[in-house]
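Here the structure comes first, spelled out in C-alpha cells, and everything after it is commentary.
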Amino acid sequence: MSGAAVPRIELRRITKAYPSVVANQDISLTALPGEIHAVLGENGAGKSTLMKIIYGVVKPDAGEVLWEGRPVVVHNPAHARDLGIGMVFQHFSLFETLTVVENVALGLAGNPPLAALSRRITEVSEKYGLPVDPRRLVHSLSVGERQRVEIIRCLLVNPRLLIMDEPTSVLTPQAVRKLFETLRLLAGEGCTILYISHKLDEIQALCTNATVLRSGRVTGHCDPRAETPESMARMMIGKDLPHPQHGLPTPGVARLTLAALTKKAADPFGVGLEDVHLTVHAGEIVGIAGVSGNGQQELLAAISGETLVRSKLSITLCGVAVGRMRPGRRRRLGFCFVPEERLGRGAVPRMSLADNALLTAHRRGFVKRGLVRFARVRAFAQACIDAYNVKSGGPDAEAKSLSGGNLQKFIMGREILQQPKVLVVAQPTWGVDVGAAAFIRQKIIDLRNEGAAILVVSEELDELFEISDRLAVIAKGRLSPAKPLRDTNVEEIGVWMSGMWPGAKATVDTPPGAAEVPRALQA
Amino acid sequence: MRFKLEARPEPSRRMGYLSPVLAAALTIVAGFVLFSALGRNPWQAFYTFFVYPIHDLNGVTELLLKASPLMLIGVGLACGYRANVWNIGAEGQLVLGAIFAGGVALHFQGSESALVLPAMFVAGAVGGMLWAAIPALLRTRFNTNEILVSLMLVYVANLLLSWLVHEPWRDPEGFNFPQSKQFTESALYPILLAGTRLNLGFVVALAAVALGYVFLNRSFLGFQLRVAGLAPDAARYAGFNAGRMVWLGMLVGGACAGIAGMGEVAGPIGQLLPVVSPGYGFAAIIVAFVGRLHPVGILLASLLMSLLYLGGEAAQMGLNLPSAITGLFQGMLLFFLLASDVLINYRVRVVRPAAAAPAPAATTA
C-alpha cells in the first residue's frame, strides 16, 4: 500500500433520520485500503445504521458515499457485493431448516454445485480457523457456530471492504485472537475492515484507527493503540465507566445440585450431556465457561425444565428432586431463568412489555380466578422499567421495539424482581453496551449478596472472571470441576475449554471449536 | 412506472382493521363485475343480493338465525387459531354435535321434561369435543397434522350421520325418506320473536361471543394460548404446557361447533336429516379470519357471511343464478382478505422507471 492511496471508502456528512430518532447526523469517515478501522459506540449510537447505509440496506437522507474515490449510490446489498463490500451482520440471516452449505449457496449468484461449495467452505473455514461442518443443519448450530457461517459466507467472495458488526460477542478469547489473525491477514491482503464494536480491549488489540459515535454524531477520532480503554469509554459514553463492586462470597446451603446428569443429544448433530456434577450454593455465583456448542444449550434446557431428564434425582432445586418437573413447577420453587435468546424465548416479540412481564412473573398475584389483573401487571412492568432503566415506550411498548440491551435489562429485571432463590442466566450481556453490561453485572452481584444462588453461563471469559466466585468449563457435554476464581486464570480455563482438565476422561474427539485453542495460546 | 411491495418497518395496526373492510368492499366490486358479465343489471343484482334479503323483519331475523352458528363456531375456532392450532374440521364437529343432541332428543321423544333441551346442549358439546379430541390426541401423542386429521374427519362425520338417518334412526312413518322423527316441543329451542324462526340459539351465540372475549383477552389461559401461538419457545420457557394448549384449542372449538350443530337440529331443522349444515363449519373459518380472531370482529363478520348465504338464496330465486353463487362470494371474500392482509406487513410504493435503473457503470469500474 502506498501512502498516497485513494481511500477505499469515504463518507461525507451522512445524515439519516427516522420518524422518532436521528440515527446519523453529519457523519464523516475515511478508511484506506488495508486499514482496520473501528466504529465505536454504545447500542443505539448509530453504528449499525451507518453500516447499513454503506451496505445499501438503508438510504441516507443527505451526504455522500465515495467508493475508491468515486461517488456512488449503493442501491441494495447485491449492488454492494458487486462493488466488493461484504458485511457480517450482528443478527444472522440463516434458514434454520437448511444445511450450512445450502444457506451459503442461497447467498451466491447462480446455482453453484453443493459438493464443490462444501469443499470451498471447508477450505476457507480451515484457512481462517472457523471450524464448521458444511452438512449440518443450521437449527442444530449454536449462536457462535452460526456466526462462523456468516463470516465464512462473506469471505467466500473475497471482499475489498468487510464490515463486521459485533463479530466477537460469542467467541472465546482464543477464538477472538484467531479471528484477529484472520482479519489482520485479510487486511495484509489489502482488504479494508470496518470493525463495529463496543469492546474497547478488542479494538485496542486490533484496530489502527477509530471513529467514535454517540447519539448519532461523531464524538471523536483516535488511534486506539495510543488510548486507554478508560479514555475511549469516556468518548463513547460521555462519562467514566462504572466498575462492579464484588465483595467476598458467603456461601450457604446448596440450592442447585446436578448429580450425574446425563442426557442423550436430541438430534444427530447435537451435543449430549455426560455425567455432569455441580453444586451452586446460596450466596455464590458459579460461572460456566466454554466455546459455544459444547452443551450449554442442553445443560440450560435441562436445568430450566424445557427438556426433561430421565432421572428426577439428577437435578435438585432447593432440596427437591426436579429432574422430571416441568418449568412452571420449578419456578414455583423459586427458580428464575434468563435464556440466551431474548426475542422469541425470553420475551414474546409481538407482545407488550406488560404481557411479557406476565409471562413468567404471573405467580406474584397477577392472576385471580383465572383472570389477569392487568393493573398489577402494568405496575410490575413499570417498576421493572424504572428500576432497570429500560429505555422504552412504557409497559405497552412491544418487546421487539426495544434494542437488544434494553430488552435484556427488562428480562433481567423481570426475573430478579421475582426475588429468586436460584437464578440461572445465559449470556447476561451479549450484545449489550458497556454501560448496561456493567449495570447488569452489578445487579447479578447484588442478588448474590442478598443470598441467591446464581449460575451464569457465558461465552465471554472477561465477564465470568469479573463476576464469578467459582468457575467451571463445559466441553463436549462434560463439565469440569468448579474452581475458586483465585486459584485459576484465563490461560488455564482456556486449556480446559479443550476438554483437558485434570481427571477428565481421555477422548479421541476434540470438542467443537477447540482446535484453535492450543495454537492461539502459543501465539 | 411500476408498483413495488415494500416491507413495512413494523406491521400496520390500522391495516389490520382496514383489511377486512377493504376485502368486503372488493368482494362487492367484484360482484358487480360478475353480475354484469352474467348479463344481469348489476344494480338490481346488488339490491337482490345484499339489500332485499334484509328489507323486512323476517329477513333480519333470518340473518341473525344464520349468523348464530357462524359466530358461535367462529369464536371457538379463534381460541385454537390464536394458539396456532388449526382446527379445520368444525363442520364434522358440528355434525357430531347434531348427532349427539339428536340422539338425546330421539331417546326422550314425547317427554315434556324441561331438562331435555339442556341435556341436548351438553350432549352436543360433548359430541363436538369428542370429534375434536381425535386430532388433538393424535397431534399431542404422535405429532400428526391436525389440519389433515380434522378435515378428513368431516367426511367420516357426514357418512356417520347419513348411515344413522338411513338405518337405525330413520322415521318408520317417514315414507322411507332418510330422516329421523320430528323432535317434540321440549327438544326445540324456544322462539324469541313470534312469527319468525329466530330462537334461543342466537342468545347462546351472543353469550359465546361475550365469554370468548373474556377468555381470549382477559383470562390467563387465553394469554397462554396467545403466547403459544406467537412464540412457542417462549411458552415452553415460561412453563406453559404446549400439549395442554393444543387440547384446549381443539376442545373449545369442538364444543362450540357441537353446540352449533345441536342448535341447528333443535332450531330451524327440528329433526335429523342427511345434511344438517350448509357448510357453516367451513364458512366459520372465514368468519374467524375476517373477524381478526377477535370476538367482536367475529360477530360482525358472521353477519356479513350470513348475508352472503341469504343473498345467494335470493339470487337463485330472483336472478335465476346457480346455488354455487354463495360459495363463490365466500371464496372471493377470503381471497380478497388474504390479498389485503399483505398490506399489513407491506406497503405499495410507486417506482418511476428512472429511479429503478441499474447503477451507472462508472461506479463499478
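Taking label positions 7 Å along the Cα-Cβ direction at both B:ASN58 and B:ILE28, the computed distance is 2.6 nm, reported to one decimal.
In chain A, the longest principal axis of the Cα atoms and the axis of helix A:374-387 are about 60 degrees apart. For chain B, the longest principal axis of the C-alpha atoms and the axis of helix B:324-345 are separated by about 40°.
A straight Cα-to-Cα reach below 19 Å connects A:LYS443 with the lysines A:LYS391, A:LYS409, A:LYS421, residues fewer than 8 places away in its own chain not being considered.
Could you compute the FRET efficiency for B:GLU167 and B:ALA133, with r as their C-beta to C-beta distance and R0 at 30 Å, rounded to 0.05? That gives a FRET efficiency of 0.70. Dipole magnitude for chain B: about 1580 debye, using +1 per Lys or Arg Cβ and -1 per Asp or Glu Cβ, origin at the Cα centre. Between B:ASN84 and A:LYS421, the FRET efficiency estimated from the beta carbon spacing at R0 = 30 angstrom works out to 0.30.
Based only on other Cβ atoms within 10 Å, what is the fewest-to-most ordering of A:ARG119, A:ARG81? Don't skip to the answer; put the middle values down first.
Values: A:ARG119 13, A:ARG81 19.
In increasing order of surrounding Cβ atoms, one gets A:ARG119, A:ARG81.
Placing a pseudo-label 7 Å from each Cα along the Cα-to-Cβ vector at B:THR196 and B:ASN320 gives an inter-label distance of 3.3 nm.
Report the charge-dipole magnitude of the protein assembly as shown in Debye, nearest 20, computed about the Cα centre from +1 at each Lys and Arg Cβ and -1 at each Asp and Glu Cβ. All intermediate terms of the calculation are to be shown ahead of the outcome.
Values: 84 positive and 67 negative charges, 158 e Å.
So the dipole magnitude of the protein assembly as shown works out to roughly 760 debye.
Rounded to the nearest 20, the Cβ-based charge dipole of chain A about its Cα centre (Lys and Arg +1, Asp and Glu -1) stands at 2040 debye.
Who wins for biggest fluctuation among B:LEU57, B:LEU22, B:LEU251 in a Gaussian network model of chain B, springs between alpha carbons below 10 Å? Per the Cα network of chain B with a 10 Å cutoff, B:LEU57 tops the list. Amide hydrogen proximity for B:ASN199: with H placed 1.01 Å from N in the peptide plane, the residues at 5 or more positions away or on another chain lying under 5 Å are B:LEU192. Dipole orientation for chain A: of the candidates A:HIS362, A:ILE53, A:CYS222, A:HIS362 has the Cα lying most toward the positive pole (charges on Cβ; Lys, Arg +1; Asp, Glu -1).
Using R0 = 25 Å, the C-beta based FRET efficiency linking A:VAL22 and A:HIS221 works out to 0.75. Could you tally the net charge around B:VAL165, taking each other residue with its Cβ under 12 Å from the Cβ of B:VAL165, Lys/Arg +1 and Asp/Glu -1? The answer is 0.
Between A:THR250 and B:ASN345, the simple spin-label model (points 7 angstrom out along Cα→Cβ) gives 5.4 nm. A dipole drawn for the stretch B:1-136 from +1 and -1 charges on Cβ atoms has a positive end, and of B:VAL95, B:ASN84, B:ASN58 the residue lying farthest that way is B:ASN84.
Label point of B:ASN41 set 7 angstrom out along Cα-Cβ; within the stretch B:314-335, amide nitrogens under 15 Å from it belong to B:318-320.
Okay, helix-only estimate at 222 nm for the protein assembly as shown: each DSSP H run of n ≥ 4 adds -39500 (n - 2.57), divide by all residues, round to 500 deg cm²/dmol; what do you get? Intermediate values should be presented prior to the final figure.
Working: 32 runs with 416 residues, N = 888.
After summing the helix terms and dividing by the residues of the protein assembly as shown, the value is -15000 deg cm²/dmol.
For a paramagnetic label modelled on A:ASN449 (point 7 Å from Cα along Cα→Cβ), amide N atoms under 12 Å away are absent within the stretch A:399-441.
Tell me, in nm to one decimal, what length is gained between A:ASP61 and A:THR208 on full extension, where the rule is 0.36 nm per residue of separation less the Cα-Cα distance? Numbers along the way, then the final one.
Numbers: separation 147, 0.36 × 147 = 52.92 nm, distance 2.97 nm.
Result for the pair: 50.0 nm of gain on full extension.
FYI, it's all coordinate maths here, none of it is from the lab. These figures come from a predicted structure and were not determined experimentally. With ideal geometry, Cβ positions are generated from the backbone for all residues, glycine too; neighbour counts draw on all protein chains shown.
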